[in-house]
Amino acid sequence: MSAPLPAVAVAPNFQLVDPEGGRVLVPDGAGWRPLTEPFARTGEPALLFSLPAHLRSLFFTVLQDPELKGFDGFASKVGRFLAFKELTPPTRAAFELVLHAAEGKLDSRDLWAVVNLGDREVFAELPGLRVRLDVCEGLQLPGELAVSVVPPQADATEPDVLLLIRRPPV
Amino acid sequence: MTAADVGPLDLLVIQPTPFCNINCSYCYLPDRQNTAKMSLPLLEQAFDWVFASGLVRQPFTLLWHAGEPLVMPPAFYDSAAELLKKHDPDGTLITQSFQTNGTLLNAEWCELIRRHRIHVGVSVDGPDYLHDSRRRTRSGAGTLDRVLNGIRCLHEHDIPVQVITVLTAESLAYPDELFDFYCEHGIREVAFNVEEIEGPHTSSSLLGCDVKERFRRFLSRFLDLALTHDPPLVVREFELAAGSIHAKRLSPGNRVQESQPFAILNVACDGSFSTYSPELLGVSSSRHGNFALGNITTDTLESVLTSPRFLALEAEIARGIEMCHEKCRYFGFCGGGPPGNKFFENGTFASTETLFCRLHKQVCLDVTLDKLEHRKSLT
């Protein structure tokens, strides 16, 4: 068995089509491959979750307005949904909508969760592994875990659309 | 007691067969492997018995249930419709209804449903991780795909569909997912049943100590989604609770449907009949014997109403209603808990609160009142 990897689990009260085992990738030479062998996990797990379809529809409505006037209301609804699921965002959490292009870097400081609001999968990168996030899925990160989101391929026509939920600065 | 003292008939439940083609883990039907079928001559006798009984004094619903009704051939219901014409020639007295698991619905059934204007209730418990964990075939396979095919077929034939979803402890974590599920499948009317302790189903996942609060949170969140949707989803529990909040308060003299003798008449496929809660059909107790009070082929309503068995049953139910009146602050809205739940949970009709009361009555009333007050404060 190789070195311990960060633990990843589906958050309680959520059902994902593909549980954690099928979506974790590990380095394989220059590329990545699905993790199929047993591996040691360490630390508090990063938790996979998904937003319901009605919130995604609301997000698309918000996008109709160039000034995104409905974004605060949307963020508040996401917060209430997660609180119902007992995955409550920190008090005074900041919700940010980010377009993540191929050349872009993502500021991952104080990141509590990242949610994929685009229309294709994205990959969250933790030390030693990558986790696939399908459409409308998110990953909640324990405090000590460094994370980044893998930029889309250079030939991708659209940037990733991400909702970042940040802990308030200490 | 005479026929004038009981009824009027509000719900006639006819069991064309006790058989069900699936085997849900929480099913209360004790005899669901029995493939017996009601014959048409017996059905005709049942209709004649009902109309001769003096119970029919207002329009009523004829519910085909207590087994999967679509296990019978469609021709059975065409013949039934012919038989009903004798008693209801212009079709204004009787509303027919199927409560079905939906797995056998197809174009032929949909055409029959339209032909006879039958209301349809389909049992579906939501996304596969909820539905298929409970509603399975005898070989253990999930049934959701077949149910959704049935619902699609109803939509294609422009047949309105109401669904009944049984809530287990697990379901209470998923109000948003249930809401999405109904929207995705064009379902506009929803009714929630709780997983009850009834018949051979002697326990419930909802017995945990934190369930009442979880159920309250579930219902509150679901109603927030349903009532603000455009157009709003119709949620039976909200409609019923709002109706009882706005209605005159009940007293022990105003019996509700399930505790009023012969407001519900349940007729089994062999002609035996019972009243009060439909779940009592086919069940017996050491104290009362079989809850089937007679058989339409041999017994008149008058003979049943003077029988010691019925009188003992009625007296115990009346005692239970009086106890609810004395002890429960919800009585004015509820009128007393359903006799069937009291019997199955408490072992006697002369008892009060049940799991059904705590969740389906008390929480639904509390949450509905909150929503109504919130709505009022906004206007």
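No lab work stands behind these numbers, since they all come straight from the coordinates. Every value quoted in this text rests on a predicted model; they were computed, and no experiment measured them. Here the Cβ is made from the backbone with ideal geometry for all residues, glycine too, and neighbour counts use every protein chain on show.
Based on Cβ point charges of +1 for Lys and Arg and -1 for Asp and Glu, what charge dipole magnitude is obtained for the protein assembly as shown about its Cα centre, in debye rounded to the nearest 20? Present the calculation step by step, with values, prior to reporting the outcome.
Values: 51 positive and 69 negative charges, 220 e Å.
Dipole magnitude for the protein assembly as shown comes out near 1060 debye.
Using Cα-Cα distances under 8 Å and only pairs 6 or more residues apart, what relative contact order does region B:235-316 have, in percent?
On the way: 78 pairs, mean separation 14.4, N = 82.
Computed over region B:235-316, the figure is 18 percent.
Report the relative contact order of chain B, percent, no decimals, based on alpha-carbon pairs under 8 angstrom and at least 6 residues apart. Don't jump to the answer; show the numbers that get you there.
On the way: 685 pairs, mean separation 69.2, N = 379.
For chain B, the relative contact order is 18 percent.
At 222 nm, what value in deg cm²/dmol follows for chain A if DSSP H runs of at least 4 each add -39500 (n - 2.57) and the sum is divided by all its residues, to the nearest 500? Present the calculation step by step, with values, prior to reporting the outcome.
On the way: 2 runs with 26 residues, N = 170.
So the helix-based figure for chain A works out to -5000 deg cm²/dmol.
Kindly state, to the nearest 0.05, the FRET efficiency for A:Q153 paired with B:H116, given R0 = 45 Å and r defined as their beta-carbon distance.
Numbers: r = 59 Å, r/R0 = 1.30.
Here the calculated transfer efficiency is 0.15.
As an exercise, take the mean of 1/r over every pair of distinct alpha carbons in region B:190-257, invert it, and state the Kirkwood radius in angstroms.
Details: mean 1/r = 0.0686 Å⁻¹.
Computed over region B:190-257, the radius equals 14.6 Å.
Test of understanding: ordering B:Y330, B:Y129 by Cβ neighbours within 10 Å, fewest first, what list do you get?
Result, fewest neighbours first: B:Y129, B:Y330.
Can you give me the three principal axis dimensions of region B:215-325 from its C-alpha atoms, in Å, biggest first?
If we take the Cα atoms of region B:215-325, the spans are 54, 33, 24 Å.
How many angstrom lie between the C-alpha centres of region B:19-89 and region A:14-53?
With region B:19-89 and region A:14-53 each reduced to a Cα centre, they are spaced 53 Å.
Could you check the simple spin-label distance between B:D48 and B:N149, using points 7 Å along Cα→Cβ, in nm with one decimal?
4.1 nm
Order these by the 10 Å Cβ neighbour count, fewest first: B:H87, A:H54, B:H374. Please report the intermediate quantities before stating the final value.
Numbers: B:H87 14, A:H54 18, B:H374 11.
So the residues, fewest neighbours to most, are B:H374, B:H87, A:H54.
Could you go through region B:128-144 in sequence order and give the Karplus-derived ³J(HN,Hα) for each residue, using 6.51 cos²θ - 1.76 cosθ + 1.60 with θ = phi - 60°, rounded to whole Hz, and x for Gly and Pro?
Taking θ as phi minus 60°, the curve returns 3, 5, 9, 4, 6, 7, 10, 9, 10, 6, 5, 8, x, 7, x, 10, 4 Hz for region B:128-144.
Sorted from fewest to most neighbouring beta carbons within 10 Å, what does the list B:S25, B:S274 look like? Could the numbers behind the result be given before it?
On the way: B:S25 13, B:S274 25.
Lowest to highest Cβ neighbour count: B:S25, B:S274.
Send over the per residue convex hull volume for region A:33-116, Cα only, as a whole number of Å³. Before the final figure, lay out the partial values.
Values: hull volume 14.3 nm³, N = 84.
For region A:33-116, the hull spanned by Cα atoms encloses 170 Å³ per residue.
Tell me, what is a quarter of the convex hull surface for the C-alpha atoms of region B:294-379, in nm² with one decimal?
The orientation-averaged projected area of the Cα hull of region B:294-379 comes to 7.9 nm².
Could you list the residues of region B:82-118 with an amide nitrogen less than 18 Å from a label point located 7 Å from the Cα of B:D158 in the Cα-to-C-beta direction?
Flagged as within label range: B:107-118.
Write down the radius of gyration of chain A and its Dmax, each obtained from C-alpha positions, in Å.
Just the Cα atoms of chain A yield Rg and Dmax of 15.8, 51 Å.
Regarding the protein assembly as shown, what is the average projected area of its C-alpha convex hull, in nm²?
Values: hull surface 122.7 nm².
Result: 30.7 nm².
Distance between Cα centroids, region B:97-176 to region A:117-149: provide it in whole Å.
36 Å
Report the Cα centroid-to-centroid distance between region B:192-230 and region B:285-318 in angstrom, as an integer.
Cα centroid to Cα centroid, the span is 34 Å.
Whole number please: convex hull volume per residue, Cα atoms of region B:20-176, in Å³. If you can, show how the numbers build up before the last one.
Values: hull volume 21.8 nm³, N = 157.
About 139 Å³ per residue, rounded to a whole number.
Across chain B, what fraction of all alpha-carbon pairs, as a whole percent, falls in each successive 20 Å bin from zero upward?
27, 61, 11, 0
Nearest 20 debye, what's the magnitude of the dipole of chain A about its Cα centre given +1 on Lys and Arg Cβ and -1 on Asp and Glu Cβ? Please report the intermediate quantities before stating the final value.
Numbers: 16 positive and 22 negative charges, 93 e Å.
Roughly 440 debye for chain A.
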